[in-house]
Amino acid sequence: MFYGAVVWDPWLIVAQIVCLQCLYYLTLGLFMAVLVGTRVSRMSLVYFFDFATVTASTVTGWGVIASFMLSAVAGAGYMVYLIERAKKCLDFSATLYIIHLFICYIYGGWPSSITWWVVNVTGLAMMALLGEYLCIRRELREIPITRFRSSV
């Protein structure tokens, strides 16, 4: 979608990062609404950006973990259409999660939960590897060539 003939276009890269980040949080919000919103009385940004909510000791915490994992899978799918290049998937995935770490740091302080780190590193690996796999499959598709009939 955004990939063009220009090799290095900073505005294109920024647009891809912004689009991927927005789609990731939109998908995360959707999964949070379904998996966490049904269990809590009021949804807030705490479930997105506070490391304390990412816990394996409660059912709500498992919903948060599942939301992050499903959003990583969806993010890999978004990269197929936004990034289109397998060799760029790791870069864009890492950028997404570094920005997420920065927002979490501003929101609730440095994440000190080992569960938060495991979930986010696993999400990063899932998004990068699945994104690369899907992009490679798309890049290796055969190019359809139409045959012209001779009018003899």
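Take each of the peptides 135-144, 43-52, average the number of other beta-carbon atoms within 10 Å over its residues, and list them starting from the highest.
Output ranking for 135-144, 43-52: 43-52, 135-144.
Can you order the peptides 28-34, 101-107 by their average number of other Cβ atoms within 10 Å per residue, highest first?
The densest-packed peptide leads the list: 28-34, 101-107.
How large is ³J(HN,Hα), in whole Hz, for each residue of the range 12-18 in order, when computed from phi with the Karplus curve 6.51 cos²θ - 1.76 cosθ + 1.60 and θ = phi - 60°, using x for Gly and Pro?
5, 4, 4, 4, 5, 5, 5
For a distance above 18 Å, tell me the whole-number percent of Cα pairs in the range 73-152 that qualify.
When every Cα pair of the range 73-152 is considered, 53 percent fall beyond 18 Å.
Return the calculated 222 nm mean residue ellipticity for the chain, to the nearest 500 deg cm²/dmol, obtained by summing -39500 (n - 2.57) across DSSP H runs with n ≥ 4 and dividing by the residue count. Spell out each step's value before the answer.
Numbers: 5 runs with 100 residues, N = 152.
It lands at -22500 deg cm²/dmol.
Coordinate-derived values only; no laboratory data. Note that this is a predicted model, so its numbers are computed, not measured. Ideal geometry is used to build each Cβ from the backbone, glycine not excepted, and the neighbour counts take in all protein chains shown.
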